[in-house]
Structures are given as C-alpha cells and as structure tokens.
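*Asks:* I'd like to ask you about the structure that follows.
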Amino acid sequence: MNAIYPGTFDPVTNGHIDIAERSSNMFEILTLAVIKNPNKTPLFTVTERISMIEDAAKHLPNVKVKEYSGLTVDFTKSVGAEVIVRGLRITSDFEYESEMALVNRRMESTVETVCLFSSLENQILSSSRVKEIAALGADISDLVPQNVCQQLLSKLKTF
C-alpha cells in the first residue's frame, strides 16, 4: 500500500521529517507531496522546498518527493496511493484534519486518511513558527534539518 504526505513544507521541519520517518515504515512508497498553493505566499519556491526535503529525507529509501497542485485526492490517485498521511500536533489540528478527511472521503471514497500524532518535542512546531523564530534571531538548529537551517537563515537575510 502506498501513501502521500501532503503539505506546503515551507520550510520542512523536524516535525515533518518525524512524521515522514514513521509513516515510511508503514507504507511501501511514501510520496511527500509539496503543494503549489495559489492562496499562500511561501518563502521558498517549490523547487527549493523539494530540494530541501529530498536532502533531509535521503535516508528514507522508499520516500519520493513530488510537486502538485489541485485536489489532494486527485494527486493521491494519480500516484497510485490509497492513503493520505497527516500529522496532528494540537487540538485545532484534529478539528481541521478531521473535516478535511471527511471532505476528501466524500470526493473519493477509496482514499483513506491516517493521522499520526506528532512526537512530544514537535507538538508546538510549525513552519510559520520556525520562520518567525529565525527572523527574530533565535537558534532554530534543533527545529529543522541542518540543510534547512542554513538555507532559511540565508533566505531571511535577503528580506
């Protein structure tokens, strides 16, 4: 059985990698699906995000990284996956993800959603929070993979 783990990943965090590592043990192929969302203005381009994820997940042999736009259930089917993996951090994540799972199930009844709880150290971790902490000059080295830390600090210097 194959799965996708969709997200903006702007940037990918240790929390994302934790979910990818754990879910890669559950599925034959896990595709980290980097969404190109016209409603968001990411700091990094899709190409930059894909490159950072590929580097951070290179130790996971059954993980692929692909760009997509449009409906997640459509992308899921297009790559031959049956499951959407989502990470849950806090209560509001559960509310949002359960609603999305129900909508996705209504659109495509053959696609299931599996939610994994974030590890304790990642419960408060989000890409937005990481960018904010980094912009304020605090250490983010334990929040993101090393390759991401360097690129994020470099990118923030240009703003």
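Readers should treat all values here as calculations from the given coordinates under stated rules, not as data from a laboratory. Keep in mind the model is a prediction, meaning the values are calculated, not measured. Positions of Cβ are backbone-derived with ideal geometry, glycine not excepted, and every protein chain shown enters the neighbour counts.
*Asks:* Return the calculated 222 nm mean residue ellipticity for the chain, to the nearest 500 deg cm²/dmol, obtained by summing -39500 (n - 2.57) across DSSP H runs with n ≥ 4 and dividing by the residue count.
*Replies:* Helix-only estimate at 222 nm: -13000 deg cm²/dmol.
*Asks:* For the chain, build the charge dipole from Cβ charges (+1 Lys, Arg; -1 Asp, Glu) around the Cα centre, then report which of PRO61, PHE27, THR72 sits farthest towards its positive end.
*Replies:* Projecting each Cα onto the dipole axis, the largest value belongs to THR72.
*Asks:* Can you tell me the dipole magnitude for the stretch 1-61 around its Cα centre, using point charges on the Cβ only (Lys, Arg +1; Asp, Glu -1), in Debye to the nearest 20?
*Replies:* Computed charge dipole of the stretch 1-61: roughly 180 debye.
*Asks:* Assuming 0.36 nm per residue, please report the length gained on full extension of the stretch ASN2 to VAL103 beyond their Cα-Cα distance. All intermediate terms of the calculation are to be shown ahead of the outcome.
*Replies:* On the way: separation 101, 0.36 × 101 = 36.36 nm, distance 2.04 nm.
Between ASN2 and VAL103, full extension yields 34.3 nm more.
*Asks:* Got a sec? How would LEU60, LEU30, LEU71, LEU125 order by Cβ neighbour count within 10 Å, fewest to most?
*Replies:* Sorted ascending by nearby Cβ count, the order is LEU71, LEU60, LEU125, LEU30.
*Asks:* Then there is this: Can you tell me the orientation of helix 46-56 relative to the chain, as the angle in degrees between its alpha-carbon axis and the longest Cα principal axis, to the nearest 10?
*Replies:* Relative to the chain, helix 46-56 is tipped by roughly 90 degrees.
*Asks:* Related question: If R₀ is 30 angstrom, what is the calculated FRET efficiency for the pair LEU136 and SER51, using the beta carbon separation as r and rounding to 0.05?
*Replies:* It comes out at approximately 0.75.
*Asks:* Lysines within cross-link reach of LYS66: Cα-Cα under 27 Å, excluding same-chain residues under 8 positions apart?
*Replies:* LYS36, LYS40, LYS58, LYS77, LYS131, LYS155
*Asks:* Would you mind calculating the relative contact order of the stretch 1-43 from Cα pairs under 8 angstrom and at least 6 residues apart, reporting the percent as a whole number?
*Replies:* Value for the stretch 1-43: 58 percent.
*Asks:* Less than 13 Å Cβ to Cβ from ALA134, Lys/Arg counted +1 and Asp/Glu -1: what total charge do the surrounding residues give?
*Replies:* Cβ neighbours under 13 Å give a net charge of 0.
*Asks:* Which value, in nm² and rounded to one decimal, describes the direction-averaged projected area of the C-alpha convex hull of the chain?
*Replies:* Mean projected area for the chain: 9.0 nm², to one decimal.
*Asks:* Further question: Can you tell me, using C-alpha contacts under 8 Å and at least 6 residues apart, the relative contact order of the stretch 2-157 as a whole percent?
*Replies:* Reported as a whole number, the value is 30 percent.
*Asks:* With a 10 Å radius around each residue's Cβ, average the other Cβ atoms per peptide and rank 137-148, 81-92, highest first. Let's see the in-between values first.
*Replies:* Values: 137-148: 16.1, 81-92: 17.8.
The densest-packed peptide leads the list: 81-92, 137-148.
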